[in-house]
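Scroll down for the structure; my scribbles are underneath it.
The values are calculated or read from the model by the stated rules, or taken from the named source; none is laboratory data. The structure displayed is predicted, hence computed values, not measured ones. Note: ideal-geometry Cβ built from the backbone for every residue, glycine included; neighbour counts use all protein chains shown. Surface areas here come from the heavy atoms of the whole protein model, side chains and all, with no ligands, DNA or RNA. Shrake-Rupley method; radii C 1.70, N 1.55, O 1.52, S 1.80 Å.
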Amino acid sequence: MWQALSAPLFNIASTPVTTASILMFLAILGTTLLVSRLAQRATRRALEHRGPTDDATVTITARLLHYAIIVLGLGIGVQTIGVDLGALFAAGAFFAVALGFAMQNVAQNFVAGVILLAERTIKPNDVLEVEGRMVRVTRMGLRATVARSRDEEDLIIPNATLVQSTVTNYTLRDPTYRLRTSVGVSYHSDMDAVIRVLLDAARSLPERLEAHEPRVLMTEFADSAVVFEVVVWTQNPWEARVTRSSLNEAIWRGLKAANITIPFPQRDVHVIRHRNDA
């Protein structure tokens, strides 16, 4: 039986392939698939143990691990048959270099996607500011990240953009967000009364964080007004525009009730008429 299993069937690069080597290759391949399945299961459990994780992130991470184990197992199996991987890689080196230049951007985004999945600095449902636009991450892939803007637009952002440029993540550690608005009052106003009105308006905002007291700062002596900045903290940066609108409305009502004037620039136009005595 051993002689039958050891009998050469065909040659690969002057290396005889036998029934025994084929069976060994199949055994290695089966073991590789089993190890891959166990490793994927362990990876899923480890990621879930670290905290809430998006299903897409878990799936992509497990799939990457599966590919790595399969490539390693195939390499061991091919070596077992007798194929020289060094010669095989050398033969395909020129093709690999040409393909690498052609897919440079794809490979760059792929590596960036792996980095994002490993570092977890950006996760699904995070609120980001990318290239001046606030977006919410909906799905992360190996090549690109899909996000949704406030205008209900789906943006496909290359992962390299998120890795190589400065990105503001408003929900990285916590969703606490500092919201600011400015208002100008007349120079004839009682500044202590103005500060009290602005603080009361900020404290009346339902969306603000109770743990952080609002702040009122006198920021500028403008041409026609004294400018104040009102600062409150919220837990929903995605709704910052709506919250700022509510704060502005509260400030407007408070100043109006206190008879405090919000000035606006005015110009006097003098018309000079020239009399023609001729």
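Across the protein chains, with a 1.4 Å probe defining accessible surface, the residues Arg196, Arg148, Arg37 rank Arg37, Arg196, Arg148 from largest area downward. Accessible area per residue (1.4 Å probe, heavy atoms of protein chains only) ranks Phe228, Phe110 as Phe110, Phe228, with the largest value leading. Take 123-135, 165-177 and order them by the average number of nearby Cβ atoms within 10 Å per residue, most first; the result is 123-135, 165-177.
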